[in-house]
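Below you'll find the structure, written out as structure tokens, and then a few comments.
The values are calculated or read from the model by the stated rules, or taken from the named source; none is laboratory data. Computed from a prediction, not measured in an experiment: that's the story for all the values here. Note that we place each Cβ from the backbone using ideal geometry, even for glycine, and neighbour counts take in every protein chain shown.
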Amino acid sequence: MHVKEDEVLAGLSEITFFGGTGGIGGNKILVEAGDARFFLDHGQSFSFGNRFFTGWLSPRESRTGLKDYLALNLIPPVQGLYSARVLEGTCLEHGAPAFDAIFISHVHYDHLAHLRFVDADIPVHMGITTKRMLDSWECTSSGVNFGPHDYHAFKTGNIVHVGDCDIEPVHVDHSTPAAYGLIVHAPEGAIVYTGDLRLHGPMAHMTRDFIDKAKEAEPVAMICEGTRVAPVETRKDTSEHQVLAGAINTVKRARELVIVSFYNRDVDRIKTYHQVAVATGRQFVVSMKVAHLIKSLVDDPGIIVPDPFSDPHMLVYKRTLKRFFKWQKEIMSSDEAIVDANYIHEHQEELILHLDFTHFNEIIDIQPNPGSIYINSMSEPFSEDDIEDLVKDNWLQHFQVERVQLHASGHCSMDEIFSMVNEINPNVVFPVHTEHPMLFMGNVTPEVKVPTAGEKFTV
């Protein structure tokens with residue numbers, strides 16, 4: 001991956017797109033303005049490595065660091081970015097850190113996964129609640145380790161000074177709490193970065209705050225997500241309130257166990273199914289991993305969540321394992337809130353059970369009664385031959401469990417994205433995090449520049 005310069009715009013600030021181009025996720029955007037050099041996000045795309053690795057053929061990251069990724073041009077050979085540990089034996093020599101900071105917009109993997117390669121001396125800035133969630137994620141997930149970093153936490157209203165630039169984080173609504181858009185106040189004019197955001201969620205006013213602030217900054221450039229920008233919209237434009245109403249109706253007609261799947265760090269969805277449990281007189285049973293996350297947020301002043309160990313409408317599910325990690329043993333010390341497969345089986349009509357697809361074999365131990373209901377409260381499959389979804393249906397059909405789809409996207413619709421760009425009205429907009437960046441052209445008023453991997457623009 002080679003950096004190529006495109007001096008198409010007059011000015012002094014430069015933006016280089018090392019990731020986030022040509023697909024969903026993997027945002028990794030370098031801003032150089034005045035004497036400041038910093039990244040906006042440092043993620044891994046959903047298609048990362050798919051051209052070279054599949055099945056049993058996997059990268060040798062644990063043994064050889066970045067060697068495979070650099071050799072296959074999957075990671076940009078940027079001097080002064082990576083740690084000495086991951087560069088050992090590669091074609092790139094380790095050098096002193098050459099960047100002032102990395103700003104993380106939110107806690108999703110496609111926006112922060114490559115922090116694990118970064119030199120520990122480069123400061124990493126993220127939301128206060130983001131850091132709490134990151135700590136829980138690392139604690140409860142084997143193999144998830146982003147390494148040591150010089151972390152700094154921010155919140156809306158803070159200004160982070162980096163050289164000649166002031167970076168202003170502004171909260172947005174997304175499918176995880178503590179998501180932020182960023183406004184870079186640079187010497188040659190403001191640069192706006194959306195991160196990921198939506199306008200149909202329970203905290204839509206936060207996204208509205210960001211749009212107002214971004215418009216007020218009169219930006220020279222806008223880096224805008226376009227996840228749902230597509231020729232044909234395949235997703236229903238459902239709100240979280242509609243998910244809540246639909247789930248209540250579904251659970252009210254259920255006579256047996258209700259099972260639900262959603263993303264582990266979607267705290268809004270966790271709160272939604274807690275509300276469903278309250279409204280239907282059931283108890284909401286969450287995994288130990290989800291319980292750990294919620295517990296880590298209970299005393300966070302910026303968010304309100306139920307305590308999984310004291311709330312009368314919540315229980316925590318203990319899988320049958322040969323051994324338990326320390327964090328799991330600590331959770332199991334709350335005996336009254338902990339239940340197992342036998343308890344679930346014997347109290348099916350009283351419960352809503354959160355179960356990840358990767359833990360579907362727990363269904364064998366639970367033995368749900370025929371007529372139980374499964375709510376898929378996450379994205380619909382991207383294609384009709386999605387293997388994971390086909391396997392999921394095989395499990396549900398085998399145990400005679402009805403399937404229901406209820407989900408609200410974490411991203412703005414295409415029309416909302418275009419309307420937001422026009423309202424903020426930057427001089428130029430760079431579409432990222434999208435498979436169809438060309439659709440911005442002709443649908444927004446500002447000039448559209450579609451970046452490719454490694455491309456540099458001056459603004």
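I'd like the full set of residues that are more than 21 Å from M206 (Cβ to Cβ) and surrounded by fewer than 19 Cβ atoms within 10 Å (Cβ to Cβ), limited to region 150-167. Those that are more than 21 Å from M206 (Cβ to Cβ) and surrounded by fewer than 19 Cβ atoms within 10 Å (Cβ to Cβ): D150, Y151, H152, H161, G163, D164. Per the listing S83, S45, the residue uniquely in contact with a helix residue (DSSP H, G or I) (Cβ under 8 Å, 6 or more places away or on another chain), closer than 30 Å to D173 by Cα, small (G, A, S) and assigned by TED's automatic domain parsing to the domain that holds E225 is S45.
Could we say that L40 is in the same structural domain as V160 (by TED's automatic domain parsing), under 21 Å from A453 (Cβ atoms) and surrounded by fewer than 23 Cβ atoms within 10 Å (Cβ to Cβ) here?
No, not satisfied.
For region 117-130, the count of residues that are closer than 23 Å to F46 by Cα, surrounded by fewer than 17 Cβ atoms within 10 Å (Cβ to Cβ) and either at pLDDT below 95 or touching a Gly at 6+ places or on another chain (Cβ under 9 Å) (or both) is zero. Would you mind stating whether F17 is over 19 Å from V429 (Cβ atoms), in the same structural domain as R116 (by TED's automatic domain parsing), outside any loop (DSSP other than H, G, I, E, B) and in contact (Cβ under 8 Å) with a residue 60 or more places away in the chain? Considered against the rule, which asks whether it is over 19 Å from V429 (Cβ atoms), in the same structural domain as R116 (by TED's automatic domain parsing), outside any loop (DSSP other than H, G, I, E, B) and in contact (Cβ under 8 Å) with a residue 60 or more places away in the chain, F17 comes out as no.
Is at least one residue of region 265-279 in a loop (DSSP other than H, G, I, E, B), at pLDDT below 95 and out of contact with any strand residue (DSSP E or B) (no Cβ under 7 Å at 6 or more places or on another chain)? Within region 265-279, one or more residues are in a loop (DSSP other than H, G, I, E, B), at pLDDT below 95 and out of contact with any strand residue (DSSP E or B) (no Cβ under 7 Å at 6 or more places or on another chain). Here L112 clears all of (1) without any contact (Cβ under 8 Å) to a residue 60 or more places away in the chain; (2) in contact with a Gly (Cβ under 7 Å, 6 or more places away or on another chain) except the condition numbered (1).
Do any helices (runs of 4 or more DSSP H) entirely within region 48-103 hold 2 or more residues that are surrounded by 19 or more Cβ atoms within 10 Å (Cβ to Cβ), and if so, which?
Working: elements: 61-64, 67-71, 84-87.
Correct list: 67-71, 84-87.
Annotation for region 376-391: at least one member residue is outside the structural domain of L30 (by TED's automatic domain parsing), under 22 Å from T234 (Cα atoms), in a strand (DSSP E or B) and touching a His at 6+ places or on another chain (Cβ under 9 Å).
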